[in-house]
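Structure record follows, encoded as structure tokens.
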Amino acid sequence: MSETTDEARRIARRRRHEAIRAEVAEEEAEAIEAEIAENARALDVPLHLRIDRDLDSQLRQRAAEAQIPTSALVRRLLREAIQGQRRDSPTRSEIEEIARRVAREEIANR
């Protein structure tokens, strides 16, 4: 019976490991896909700027955490900053969140 139990444990462990490997492979594929899309949107127009060491260090750290090239992170941050400046009104999700917060506060004050 011990042999059967050991074999069942080995099979279960092997299945867990296979599931973990499949999940990691899927995450890596998604990351690669996102990087390819980011690179496809890049216009290949070089932009050179001077920054201080502290900012360089912060950018490199964030890029490493996101597991993307520093240049891709900078493009993303610049794009978000530009898009954020153009926005004149709150998004639908922001309005919905405000409405939920107001409703919660009204219920709490009753």
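The values are calculated or read from the model by the stated rules, or taken from the named source; none is laboratory data. These numbers come from a predicted model, not from an experiment. Reconstructed Cβ throughout: ideal geometry from the backbone, glycine too, with neighbour counts over all protein chains shown. We work out accessible area using only protein heavy atoms, side chains counted, and drop any ligands, DNA or RNA first. Shrake-Rupley method; radii C 1.70, N 1.55, O 1.52, S 1.80 Å.
There is no residue in the range 21-41 that is without any contact (Cβ under 8 Å) to a residue 40 or more places away in the chain and over 22 Å from residue 67 (Cβ atoms). Of everything in the range 67-97 that is open to solvent by 100 Å² or more (accessible area, probe 1.4 Å) and free of Cβ contacts under 8 Å to residues at least 24 places away in the same chain, the residue that is nearest to residue 29 (Cα to Cα) is 80.
State which residue is nearest to the chain's Cα centre (by Cα) when the search covers only the range 42-66 and only residues that are part of a loop (DSSP other than H, G, I, E, B) and surrounded by 10 or more Cβ atoms within 10 Å (Cβ to Cβ).
To start, the set of residues in the range 42-66 that are part of a loop (DSSP other than H, G, I, E, B) comprises 42-52.
Now drop any that are not surrounded by 10 or more Cβ atoms within 10 Å (Cβ to Cβ), which leaves 42, 51.
Details: 42: 19, 51: 25 Å.
Checked the range 42-66; the qualifying residue nearest to the chain's Cα centre (by Cα) is 42.
Scanning the range 1-58 for residues that are of a type in the set (Ser, Thr, Tyr) and modelled with pLDDT of 85 or more gives 5, 57.
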